[in-house]
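Notes follow once the structure below has been shown.
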Amino acid sequence: MYTFSEPQNTACFTCDHVINKKRPILSVTHDAEDGSWQFMCGHDDHDESNAKVVSLKQITEIDNTINALSNMPLGCGADRESGNDEWQGYRLSE
Ligand SMILES: [Zn+2]
């Protein structure tokens, strides 16, 4: 399943925990300025070596539940407690 309006090869940001499936995606943001998506594990223990760039298609293959956020507007984010919980949306601060 792929429900994002952006092309499937659109670059997005994630962390190696998500790519390696060591942790679920728990924090998603949609940047207001450049429209970029970030799909993070939600932990605070990242440095530059953890940052990865993948395509939106790859992210939906890692976790197809993130298709539920494909209509999330620019300047918004969503968190969830675990991979089985509902997303809680919020506005990103300017
Ligand atoms: Zn991570």
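The values are calculated or read from the model by the stated rules, or taken from the named source; none is laboratory data. Fair warning: this is a prediction, and the values are worked out from it, not measured in the lab. Here the Cβ is made from the backbone with ideal geometry for all residues, glycine too, and neighbour counts use every protein chain on show. Note: areas computed on protein heavy atoms with side chains; ligands, DNA, RNA excluded. Shrake-Rupley method; radii C 1.70, N 1.55, O 1.52, S 1.80 Å.
With all protein chains in place and a 1.4 Å probe, the accessible surface of the chain carries 46 percent carbon and sulfur. Length available on full extension from GLU61 to ASN84: 0.36 nm per residue minus the Cα-Cα distance, which gives 6.6 nm. Computed with the Debye formula from one identical point scatterer per Cα of region 11-79, without solvent, the log10 of I(q)/I(0) at q = 0.15, 0.27 Å⁻¹ comes to -0.42, -1.39. Assuming charge only on the beta carbon of Lys and Arg (+1) and of Asp and Glu (-1), the dipole of the chain about its Cα centre is about 360 debye to the nearest 20. In the context of the full set of protein chains, region 9-94 has a per residue accessible area of 60 Å² (1.4 Å probe). With a Förster radius of 25 Å applied to the C-beta separation of SER49 and LYS22, the computed FRET efficiency comes to 0.95.
Calculated mean residue ellipticity at 222 nm for the chain: -2500 deg cm²/dmol, from DSSP H runs with n ≥ 4 weighted as -39500 (n - 2.57), summed, divided by the residue count and rounded to 500.
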